[in-house]
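**Q** I have a structure I would like to understand better, so I am pasting it below and will then ask my questions one at a time.
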Amino acid sequence: MRQATVTRNTLETQITVTINLDGSGKSSFDTGVPFFEHMLDQVARHGLFDIEIKAVGDLHIDAHHTVEDVGITLGQAFAKALGDKKGIRRYGHAYVPLDEALSRVVVDLSGRPGLTYEVEYTRAMIGSFDVDLFSEFFHGFINHAAVTLHIDNLRGKNAHHQAETIFKALGRALRMACEPDERMAGITPSTKGTLVG
């Protein structure tokens with residue numbers, strides 16, 4: 001089973017993430033940031049990953065450190081669970097609509113962090129959640145999962161819909177990239193011979 005648990009403690013946050021890449025989409029979140037948890041649930045459900053996250057952060061200031069550090073810790077757990085990446089597809093992509101909104105996410109489990117994030121939300125806040133924090137989450141995730149991620153919101157008028165299509169597409173793209181490729185069994189999908197570091 002490709003699974004891992006990572007705990008990360010700083011003066012700002014204390015976070016534990018458990019992930020099973022071969023799960024069934026079950027999730028459990030306790031971060032104190034409800035809309036963020038709703039988005040993380042999309043990744044678990046559509047990626048068919050089992051994800052459990054417990055986070056205690058300095059929410060009396062704002063949600064910045066909690067959201068960013070969850071991204072970091074989730075990235076660390078994802079990389080640990082993925083292991084040496086032999087026999088996987090490596091690349092994944094998904095287009096996901098929700099009513100008027102449409103987003104595309106493309107991922108390469110390359111061993112190199114990179115983020116292209118082309119999203120213009122129609123409003124700055126979704127309820128009490130600052131949409132700027134999504135960028136912080138994705139940067140934390142890609143830097144510690146060591147993946148290349150392209151995120152494009154192609155259209156949308158409702159900011160909730162925009163965000164939800166992104167996170168659903170992220171789950172589906174990651175699932176595709178993590179899936180075993182029978183023709184690559186035992187083979188690292190890279191001419192370098194490694195996708196680690």
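**Q** Collect the residues in the range 124-149 that are outside any helix (DSSP H, G or I) and more than 11 Å from the chain's Cα centre (by Cα), keeping them in residue-number order.
**A** Ala124, Met125, Ile126, Gly127, Ser128, Phe129, Asp130, Val131, Ala146, Thr148
**Q** Residues that are touching a Pro at 6+ places or on another chain (Cβ under 6 Å) and at pLDDT below 95: does the range 76-89 have at least one?
**A** Checking the range 76-89: at least one residue is touching a Pro at 6+ places or on another chain (Cβ under 6 Å) and at pLDDT below 95.
**Q** Now a separate question. Restricting attention to the range 45-69, which residues are surrounded by fewer than 20 Cβ atoms within 10 Å (Cβ to Cβ) and assigned to a strand (DSSP E or B)?
**A** Within the range 45-69, Asp50, Glu52, Lys54, Val56 qualify.
**Q** Looking only at residues that are touching a strand residue (DSSP E or B) at 6+ places or on another chain (Cβ under 7 Å) and of a type in the set (Val, Ile, Thr) in the range 112-130, which one is farthest from Arg155 (Cα to Cα)?
**A** Thr116
**Q** Of all residues in the range 11-39 being aliphatic (A, V, I, L, M) and in contact with a strand residue (DSSP E or B) (Cβ under 6 Å, 6 or more places away or on another chain), which is surrounded by the fewest Cβ atoms within 10 Å (Cβ to Cβ)?
**A** Val17
**Q** Within the bounds of the range 82-91, is there any residue that is under 15 Å from Arg155 (Cα atoms) and surrounded by fewer than 18 Cβ atoms within 10 Å (Cβ to Cβ)?
**A** no
The values are calculated or read from the model by the stated rules, or taken from the named source; none is laboratory data. Because the structure is predicted, anything quoted here is derived from the model rather than measured. Here Cβ is always computed from backbone atoms with ideal geometry, including for glycine, and neighbour counts include all displayed protein chains.
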